[in-house]
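As structure tokens, the structure follows; a few thoughts come after it.
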Amino acid sequence: FGPNDWGANAIYNNDKPRQLMEKVVKTFPNSQIFLFLPIWVSDEATSRRGGYLVEDIRKEIERVAAGFPEITVINSRNFVPHIKEYFSDRRMHPTDMGYLHYAYHIYNAIKPQLR
């Protein structure tokens, strides 16, 4: 899930997040599953979509994922530095350097948990 899921209809008031998680768990029953919450968005503290902040979306995704013990939720909000130059649109889509940071933190988040 990412900032594109920010809109009210993308997460709230529907069953799509739960359905997707259920499908992934059933499709890969013997796999470790990591769910990364949305990364930082430059205007996330002040901008609302459908009445929700990005942090509201993170909390809702985490709430739904709590019903799936097979899923490990990782808060990746801080995986890309909160510097606009690390985002191609200066807002939410990382540049190559932003993705370098993102990959580094993903690796370090999951490495200790791998079986």
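The values are calculated or read from the model by the stated rules, or taken from the named source; none is laboratory data. Being a predicted model, the structure only gives us computed values, none of them experimental. We place every Cβ from the backbone using ideal geometry, glycine too, and count neighbours over all the protein chains shown. Accessible surface is based on the protein model in full, side chains and every heavy atom, while ligands, DNA and RNA are left aside. Shrake-Rupley method; radii C 1.70, N 1.55, O 1.52, S 1.80 Å.
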Residue pairs qualifying under the 6 Å Cβ cut-off, at least six apart or on distinct chains, with the first in the range 36-64 being free of Cβ contacts under 8 Å to residues at least 40 places away in the same chain and the second being small (Gly, Ala, Ser) and outside any strand (DSSP E or B), are Pro38/Gly2
- Message: Whether any residue in the range 51-73 is in a loop (DSSP other than H, G, I, E, B), modelled with pLDDT of 90 or more and surrounded by 12 or more Cβ atoms within 10 Å (Cβ to Cβ) is what I want to check.
- Response: yes
Quiz item: Quick check, is Ile106 in contact (Cβ under 8 Å) with a residue 40 or more places away in the chain and open to solvent by 30 Å² or more (accessible area, probe 1.4 Å)?
Solution: yes
Checked pairs for the range 12-23, first more than 18 Å from Glu55 (Cα to Cα) and open to solvent by 60 Å² or more (accessible area, probe 1.4 Å), second of a type outside the set (Gly, Ala, Ser) and modelled with pLDDT of 85 or more, C-beta under 6 Å and 6 or more apart or across chains, list as Arg18/Val64
Given the conditions (1) in a loop (DSSP other than H, G, I, E, B); (2) more than 22 Å from Asn14 (Cα to Cα); (3) over 13 Å from the mean Cα position of the chain (by Cα), every one holds for Glu85 apart from (1)
